[in-house]
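**Student:** Next up is a structure, given as structure tokens.
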Amino acid sequence: MGGYAVYVWGSYVVTFVLIVAELLVLARRKRNAVELIR
Amino acid sequence: MSMNWFKYSSPQTFFPLAGRLALVFGALALLACAVGLYLGFFVAPTDAQQGESYRIIFIHVPAAWMSMFLYVVMAFWAGLGLAFNTRLSGMMASAIAPTGALFTFIALWTGSFWGKPTWGTWWVWDARLTSELILLFLYLGFMALQAAIDDPRRADKAGALLALVGVVNVPIIYFSVKWWNTLHQGASVSLTKAPSMAATMLAGMLIMTFGFWFYGIAAVLLRARCIMLEREHASDWAGRYAKGIA
Amino acid sequence: MIAALRCVILRDLRLAARRSSDVLTVVLFFVIVVSLFPLGIGPEPKLLRTVAPGVLWVAALLASMLALGRVFAADHADGTLEQMMLGATPLGLVVAAKVFAHWLISGLPLVLISPVLALQFDLSQEVLGVLALSLALGTPVLSLIGAIGAGLTLGLRGAGTLLSLLVLPLYVPVLIIGAGAADAAASGLGGNAQLLLLGAMLIFAGAFAPWAAAAALRISVE
């Protein structure tokens, strides 16, 4: 990455992590909601 | 034909539809991002001025555009709920906010990481970045207000009013920040004014924008489903759904 | 109807006069915050002259925000607010009257004190004048926008901090233009453009904010 590796991968990795985190949080929220109903 | 529009305006009917749509858009998002990133990393050339660091643009610009777009969509659903007193519209607005805030944060983070190699500092008071920061506060304010109100109907309406006031203010905020920035001699290089973008760079960026857009739709629909389950937890359809999963 | 509105304003003023500590706290907060800045950044006159408009504006903004919780809270607590909502006078006008009274209590004193405080920062008379005028035009806008937030957060726990979070992003344009007016005057360009913009903001806010705040009150009180 021409010396800019830290910045480029820093951006992409953080973005990827945040998106995965959002999906995991959503999955857990749904599980909790279903549990609450039962 | 007009009957079809209102068929899905109740949580009971919209819930399964939202689930199917979320899958479809999620798949489309993966596809678009795969194509966009391939274009961005393997086809688009190295930038003459910024070297490889410009490749952050493939996330930064789509995230920023989506953050602004989602705010307007959120205000739209909020306004609809306020005007027609429909429960589902309010739920949609509430579902959008966290994803919008996430995109705003990503835009700020990647903007900062792009700024460091290009301008030398982690933060610059560039008009766009500053406006993004204020947009983040607008999102967080919306979420905080809704979290502070126990009654869901009041939370929906209060949030809706705040979102509408916010959406009216967004252009005012942007122009005042832009004016402020030019007056105080900010960075001389504009973030997205790359003189002439290579066609492949532009294509990659646009495809990534679609990827983010589809992901945004999918995430919002998934969250809307959660909200529907939480709010309608006492209803029959929710009970049937919960038992059906077991 | 005018009589009703005058009644609302006078009532608020009389209530504030009885609890004069409220007014004084706002002014005192303003004075202290402004006085803290030189202690924090150093006494060099040129630096202070540069930051003065921004410092005074931010302090006025924060002080005015402190007082916002009081626009509707007291009336909400003793039931007067519901009476006002049921009354014949349009709620938007009642809100406008209350906001005006609120500005007289917590905005106007700041405007009047600001020239004195600006002397601490060694501002020239001309810049001082523009600064005071910008505050005179801007603080009502802050009160008007703040009233919307106050209406939305009525009766909530943690209302004060939540109110600040909601209202600060909306305050940003007023702050930029307001402080910019004095900055422009200081650099010789003249603050007329910004002052005119502030005037426009005041008219715009005066026309729309009371109705938005009234809507917020209806949402909060049901």
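**Student:** How many partner chain Cβ atoms sit within 10 Å of a residue's Cβ in peptide C:167-180, on average, as a whole number? Could the numbers behind the result be given before it?
**Tutor:** Details: counts 3, 4, 13, 11, 2, 11, 11, 2, 2, 10, 4, 0, 1, 5.
Averaged over the peptide's residues, the number is 6.
**Student:** Right, another one. What span do the alpha-carbon atoms of chain C cover on each of the three principal axes, reported in whole Å from largest to smallest?
**Tutor:** Projected onto the principal axes, the Cα atoms of chain C cover 56, 32, 29 Å.
**Student:** Return the whole-Å distance between the Cα centroid of the stretch C:95-171 and the Cα centroid of the stretch C:1-56.
**Tutor:** Here the two parts' Cα centres lie 8 Å apart.
**Student:** Another one. Which values, in whole Å and largest first, are the semi-axes of the equivalent ellipsoid of the protein assembly as shown obtained as the square root of 5 times each eigenvalue of the Cα gyration tensor?
**Tutor:** Working: eigenvalues 345, 237, 57 Å².
Rounded to whole Å, the semi-axes are 42, 34, 17.
**Student:** Sorted from fewest to most neighbouring beta carbons within 10 Å, what does the list B:E52, B:E232 look like?
**Tutor:** Numbers: B:E52 17, B:E232 21.
In order of increasing Cβ crowding within 10 Å: B:E52, B:E232.
**Student:** Once you average over the residues of A:24-34, how many Cβ atoms of partner chains fall within 10 Å of each Cβ? Kindly include the intermediate steps, with their values, before the conclusion.
**Tutor:** Details: counts 0, 3, 11, 2, 1, 7, 7, 2, 3, 12, 10.
Per residue, the average neighbour count from other chains is 5.
**Student:** Work from the charge dipole of the protein assembly as shown (Cβ charges, +1 for Lys and Arg, -1 for Asp and Glu, about the Cα centre) and give the residue of C:I176, B:P62, B:L222 farthest towards its positive end.
**Tutor:** Result: B:L222.
**Student:** Right, next: Residue by residue through C:138-151, how many Cβ atoms from other chains fall within 10 Å of the Cβ on average? Before the final figure, lay out the partial values.
**Tutor:** Details: counts 0, 0, 0, 0, 0, 0, 0, 2, 0, 0, 3, 4, 0, 2.
Mean number of neighbouring Cβ atoms from other chains: 1.
**Student:** Here's a follow-up. Pick out which of B:S235, B:S89, B:S131 has the largest mean-square fluctuation in a Gaussian network model of chain B, springs linking Cα atoms closer than 10 Å.
**Tutor:** Of B:S235, B:S89, B:S131, the Gaussian network model singles out B:S235 as fluctuating most.
**Student:** In addition: Need one word for chain B: rounded, prolate or oblate. Basis is the Cα gyration tensor (sqrt eigenvalues a ≥ b ≥ c); a/c below 1.5 gives rounded, then a/b vs b/c decides.
**Tutor:** Numbers: a/c = 2.67, a/b = 1.58, b/c = 1.68.
Oblate, because a/c is 1.5 or more while a/b does not exceed b/c.
**Student:** Excluding residues on the same chain fewer than 8 positions from C:K46, give the lysines whose Cα lies under 25 Å from its Cα.
**Tutor:** Once the sequence-local lysines are set aside, nothing remains near C:K46.
**Student:** Which values of log₁₀ I(q)/I(0), to two decimal places, follow from the Debye formula for the stretch C:1-96 at q = 0.22 Å⁻¹ with a uniform point scatterer at every Cα?
**Tutor:** The Debye formula, applied to the Cα set alone, gives -1.10.
**Student:** What is the magnitude of the charge dipole of the protein assembly as shown about its Cα centre, with +1 placed on the Cβ of each Lys and Arg, -1 on the Cβ of each Asp and Glu, and no other charges, expressed in debye to the nearest 20? Intermediate results must be reported in sequence, preceding the final value.
**Tutor:** Values: 32 positive and 22 negative charges, 226 e Å.
It works out to roughly 1080 debye.
**Student:** Right, next: What lysines could a cross-link reach from B:K243, if we take a straight Cα to Cα line under 18 Å and drop same-chain neighbours fewer than 8 places away?
**Tutor:** Partners within reach: A:K30.
**Student:** Roughly what would the spin-label model give for B:A199 and C:Q120, points 7 Å off Cα along C-beta, in nm?
**Tutor:** Each label point is offset 7 Å from its Cα along the Cβ direction, giving 6.3 nm.
**Student:** Tell me the mean residue ellipticity at 222 nm calculated for chain C from its helices only (DSSP H runs of n ≥ 4, each -39500 (n - 2.57), averaged over every residue, nearest 500).
**Tutor:** Values: 10 runs with 191 residues, N = 222.
One gets -29500 deg cm²/dmol as the mean residue ellipticity at 222 nm.
**Student:** Please report C:L189, C:L135 as a ranked list, fewest other C-beta atoms within 10 angstrom at the top and most at the bottom.
**Tutor:** Values: C:L189 13, C:L135 31.
Ranked by crowding around the Cβ, least crowded first: C:L189, C:L135.
Coordinate-derived values only; no laboratory data. Bear in mind that the values here come from a model prediction, so they are computed numbers and not experimental data. Here Cβ is always computed from backbone atoms with ideal geometry, including for glycine, and neighbour counts include all displayed protein chains.
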